[in-house]
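Structure record follows, encoded as structure tokens.
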Amino acid sequence: MTTNLPLQKNGTAHADSASRLWLLLLCTDAAFILLHIIYFQTELLNNSLYSLSRDNGYAEFFQYVKFLWIVLLLIGIVKSTRTAGYLAWTLLFIYFLTDDAFQLHENLGRNIARNLDFVPPMSIRLQDVGELIVTAVAGAILIPLLILAFWCGSMLFRKVSVDLVMFLAVLVFVGVVVDLVHEAVGAEGMLDHLVFRIIEEGGEMIVASAILWYIFLLSMKNGNIGWYLHERLRTTLLGLAKIP
């Protein structure tokens, strides 16, 4: 019994460190969202860098830092666990980092849109179509690598991958689906800045923070968290289904 105490203490310490990081990230995200609201609703801030939607703004720079740390932590996990499958996830987050930092899908999408000659439905811009094409091409390259890594990976790696896919599904929803709805609705004014922008940009920030928290905990636990989000979600849903 006593021989397990150091391991239990280490596990608790790692969980506490990850929880503190998660709280710090969430508070910082909330602060940026609040600054965005103050910028658009008051005259206290007159610098557009406070806007969540500003390219290379303060909030977006914080996103760069998150993705950079995710990449560095994943590289460390590859080395510590000797699990090559994490390289596929590393490449994916390197793409996210470079895409955010250099606006790859926006710039390439703009170039593609110039060569398109049709009217998209639901008020969607040709620019949006071009960006979707760029995202689809990137997915066509990266998704097969992730599938191969999943197929060849251990059970632990597969469980982690399912959790990360859940995070990505939420990220795609707020970053792509909500954005398309935003363009289709043609929101302006308060509906634009205080609803759609916060859901899109703020949602992406919170999801990125959740991913960083998860990868940090995974790194601290040497690739074995001991519990997995998709299993807890399934247990919760099954429990709710049994409630009369």
Does residue 214 fit the bill of being out of contact with any Cys (no Cβ under 6 Å at 6 or more places or on another chain) and modelled with pLDDT under 95?
-> no
Confirm whether residue 180 is over 17 Å from residue 208 (Cα atoms) and part of a helix (DSSP H, G or I).
-> yes
Test residue 115 against the stated conditions and say whether it is surrounded by fewer than 19 Cβ atoms within 10 Å (Cβ to Cβ) and either touching a residue at least 12 places away in the same chain (Cβ under 8 Å) or within 17 Å of residue 153 (Cα to Cα) (or both).
-> no
Could you identify the single residue in 18, 30 that is over 27 Å from residue 150 (Cβ atoms) and of a type in the set (A, V, I, L, M, F, W, C)?
-> 30
Which condition does residue 163 not pass, out of (1) at pLDDT below 90; (2) in a helix (DSSP H, G or I); (3) acidic (Asp, Glu), if it passes all the others?
-> (1)
Within the range 25-52, track down each residue that is under 10 Å from residue 205 (Cβ atoms) and in a helix (DSSP H, G or I).
-> 25, 26, 28, 29, 30, 32, 33
Please find, within the range 123-158, the residue that is farthest from residue 177 (Cα to Cα) out of those that are more than 19 Å from the chain's Cα centre (by Cα) and polar (S, T, N, Q).
-> 154
Answer yes or no as to whether residue 96 is within 30 Å of residue 185 (Cβ to Cβ), modelled with pLDDT under 95, assigned to a loop (DSSP other than H, G, I, E, B) and aromatic (Phe, Trp, Tyr).
-> no
In contact with a helix residue (DSSP H, G or I) (Cβ under 7 Å, 6 or more places away or on another chain), of a type outside the set (Gly, Ala, Ser) and either at negative phi or assigned to a helix (DSSP H, G or I) (or both) - does that describe any residue in the range 184-191?
-> no
Name the residue, out of 68, 108, 91, that is at negative phi, of a type outside the set (Gly, Ala, Ser) and either over 16 Å from the mean Cα position of the chain (by Cα) or not in a helix (DSSP H, G or I) (or both).
-> 108
Residue 88 closer than 16 Å to residue 145 by Cβ, small (Gly, Ala, Ser) and at pLDDT 95 or above | yes
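The values are calculated or read from the model by the stated rules, or taken from the named source; none is laboratory data. All of these numbers come straight from a predicted model, not from anything done at the bench. So basically every Cβ, Gly included, is an ideal-geometry build from the backbone, and we count neighbours across all protein chains shown.
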